[in-house]
Amino acid sequence: MQDSGILVLFQGTNFLRLWEGLWVSLRIAVISMGLSLVLGILMGMIMTSKNKIVRFLCRVYLEIVRIMPQLVLLFLVYFGAAKHLGINLSGDVAAIIVFTFWGTAEMGDLVRSALISIPTHQYESGYGLGLTKLQVNLYIIIPQTVRRLLPSLINLLTRMIKTTSLVVLIGVIEVVKVGKQIIDASRYTTPGAALWVYGAIFIMYFLICYPFSRISAVLEKKIKD
Amino acid sequence: MKKSILSALLAVTLATGLLAGCGSKGNDTVNSSSKDTEAPTEKSSGSGATAKARTLDEIKKDGTIKIGVFSDKNPFGYVDKNGEIQGYDVYFAKRIAKDLLGSEDDVEFVYLDAASRVEYLKSAKVDITMANFTVTDERKEQVDFALPYMKVALGVVSPEDSLITDVDQLNGKTLIVVKGTTAETYFSENYPDIKLLKFDEYQEAYDALLDGRGDAFSTDNTEVLAWALQNKGFKVGIESIGNIDTIAAAVQKGNTELLDWINEEIKSLADEQFFHKDFEETLEPVYGDSIAPDEIVVEGGIVEE
């Protein structure tokens with residue numbers, strides 16, 4: 001029985017489909033992360049604004065994202081947008097919107113804390129050289145924050161990859177769903193397949209996330225020096 | 001809130017733009033069941049259609065019908081080892097595509113979960129739901145059902161060494177159900193003393209039963225009978241409980257044109273005993289002779305008591 005369980009993985013196109021599923025997960029995570037990165041940096045700069053109202057609004061946005069389960073957001077965007085706004089988004093797009101919405105807030109907060117960790121004299125020296133506010137940010141502050149950000153950014157990315165397993169509930173066929181399909185299709189012939197399929201998925205997630213967390217560790221070390 | 005709305009909007013715009021660029025590669029794994037439908041699959045996604053369901057003419061014009069089916073409910077809707085969708089529901093769905101649009105490949109299968117079947121219709125993400133959808137009064141308020149093509153009652157499967165043969169035996173025990181199914185409604189309404197352990201997906205529910213996280217599992221009798229046949233040590237102690245329910249295709253409420261078409265189709269298929277053929281092709285390999293076809297199959301939408 002156990003021997004046949006592992007064979008299920010290699011029947012037909014099963015193994016390939018698992019990788020395709022993983023690619024779907026990874027694509028959603030990476031696109032969302034890319035967008036979150038860009039928007040998050042903007043968001044972080046807005047968050048450090050001296051205007052109290054702006055800061056309060058940013059706080060509200062961040063809290064909304066943190067309090068709302070991602071699943072609720074996914075349903076809102078996927079079904080809600082279609083029903084109330086007449087916008088029929090595909091599952092992938094809805095997922096990317098939600099993950100970007102989430103990532104931007106998290107990223108924004110990270111950027112904010114990185115920004116305020118930059119000593120004031122860095123700004124002041126910049127202004128002293130006659131640079132404009134934009135130039136100071138662009139040439140002095142952002143390069144430094146990016147370095148400080150990299151580790152936590154990669155941490156966020158791996159979290160995002162793992163959270164993509166939720167998107168199955170809005171009809172996106174990612175790796176976990178493919179796994180379930182494979183288990184189900186073979187459940188009359190090899191009921192023991194579940195362990196092997198989930199085991200394979202575990203290894204696949206590991207293979208993807210581990211390099212990222214290695215990179216993060218290396219970068220962290222490098223920055224300390 | 002202004003900034004957040006702004007950034008959300010920006011995210012939407014960017015995401016849509018990006019996806020339009022890279023979507024064509026991705027969607028074929030997501031939606032289409034057969035490789036021939038890759039191109040038409042793209043047409044429907046993100047095109048700004050409203051939540052109003054497509055009419056029969058619009059479907060014909062588009063050339064592809066979107067039908068929601070299960071992808072993990074063997075033998076009614078499942079993905080075989082070659083990645084092709086198969087099953088009793090799927091067999092019928094392909095026939096609909098063939099008779100409506102000319103080819104059984106003109107269907108885009110959308111894979112659903114039990115709990116979101118109504119939502120998919122309401123938000124017009126599918127034209128027809130054919131995911132083993134049991135007709136209930138509550139659901140009738142939300143969607144329009146066509147004539148039935150199958151009938152079921154609930155069954156309860158449990159381990160042989162502590163077999164449940166009567167509902168009263170379940171008092172104080174844990175019964176596993178899948179969220180959004182008739183079993184969940186039936187037991188929570190009629191037997192409040194039974195502890196229900198609920199799962200989103202069938203696979204999880206079966207795993208839980210195998211692990212002993214519950215004392216029994218209940219869902220449609222066809223489903224539990226098939227499963228018990230293949231899993232030694234488990235037996236269906238209660239073969240039929242609750243009312244005899246029918247299973248039918250559903251469309252969005254008010255989409256009468258499409259509904260009438262499906263009904264006519266079902267009536268005309270009775271002449272060739274289509275659903276008996278469907279049974280032979282998809283269900284018989286699993287059930288063998290443990291169930292007579294007439295116990296499950298409904299021809300021409302007429303349920304014989």
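Could you go through the stretch B:54-70 and let me know if any residue there is facing chain A (nearest Cβ under 10 Å) and either modelled with pLDDT under 90 or over 30 Å from B:Trp227 (Cβ atoms) (or both).
No, the stretch B:54-70 contains no residue that is facing chain A (nearest Cβ under 10 Å) and either modelled with pLDDT under 90 or over 30 Å from B:Trp227 (Cβ atoms) (or both).
Checking A:Leu207 against (1) within 23 Å of A:Leu16 (Cβ to Cβ); (2) buried (at least 19 other Cβ atoms within 10 Å of the Cβ), only one condition comes out false. Which one?
The number of the failed condition is (2).
Restrict the check to the stretch B:168-177 and report whether at least one residue is farther than 27 Å from A:Leu195 by Cβ and among the small types (Gly, Ala, Ser).
yes
Conditions tested, residue by residue: (1) in a helix (DSSP H, G or I); (2) surrounded by fewer than 22 Cβ atoms within 10 Å (Cβ to Cβ); (3) without any contact (Cβ under 8 Å) to a residue 60 or more places away in the chain; (4) at positive phi.
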| site | (1), (2), (3), (4) |
| --- | --- |
| A:Gly34 | yes, yes, yes, no |
| A:Arg59 | yes, yes, yes, no |
| A:Leu62 | yes, yes, yes, no |
| A:Val72 | yes, yes, yes, no |
| A:Leu89 | no, no, yes, no |
| A:Ser125 | yes, yes, yes, no |
| A:Gly130 | no, yes, yes, yes |
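Report, by residue number, each residue of the stretch B:187-205 that is farther than 16 Å from B:Leu154 by Cα and either touching a residue at least 40 places away in the same chain (Cβ under 8 Å) or not assigned by TED's automatic domain parsing to the domain that holds B:Phe217 (or both).
If the condition is that a residue be farther than 16 Å from B:Leu154 by Cα and either touching a residue at least 40 places away in the same chain (Cβ under 8 Å) or not assigned by TED's automatic domain parsing to the domain that holds B:Phe217 (or both), then B:Asp200, B:Glu201, B:Gln203 are the ones that fit.
Name the residues in the stretch A:1-53 that are closer than 20 Å to A:Met107 by Cα and of a type in the set (D, E, K, R), would you?
If the condition is that a residue be closer than 20 Å to A:Met107 by Cα and of a type in the set (D, E, K, R), then A:Arg27, A:Lys50 are the ones that fit.
If you go through the stretch A:138-154 one residue at a time, do you hit one that is closer than 15 Å to B:Gln203 by Cβ, of a type in the set (Ser, Thr, Tyr) and crowded, with 20+ Cβ neighbours inside 10 Å?
no
List, please: which pairs have Cβ atoms under 9 Å, are six or more places apart or on different chains, and start with a residue in the stretch B:232-247 that is under 14 Å from B:Val152 (Cα atoms) and end with one that is surrounded by 15 or more Cβ atoms within 10 Å (Cβ to Cβ) and acidic (Asp, Glu)?
Listed pairs, sorted by first residue: B:Asp245/B:Asp220; B:Ile247/B:Asp89; B:Ile247/B:Asp220.
Does A:Ile215 count as under 20 Å from the mean Cα position of the chain (by Cα), more than 8 Å from chain B (Cβ to nearest Cβ), within 16 Å of A:Leu16 (Cα to Cα) and hydrophobic (A, V, I, L, M, F, W, C)?
no
Which of the residues belonging to the stretch B:267-301 are in contact (Cβ under 8 Å) with a residue 24 or more places away in the chain and part of a loop (DSSP other than H, G, I, E, B)?
The answer is B:Gln273, B:Gly288, B:Ser290, B:Ile291, B:Ile296, B:Val298, B:Glu299, B:Gly300, B:Gly301.
The values are calculated or read from the model by the stated rules, or taken from the named source; none is laboratory data. Model, not experiment: these values are computed from the prediction. Every residue, glycine among them, receives a Cβ derived from its backbone with ideal geometry; neighbour counts consider all protein chains shown.
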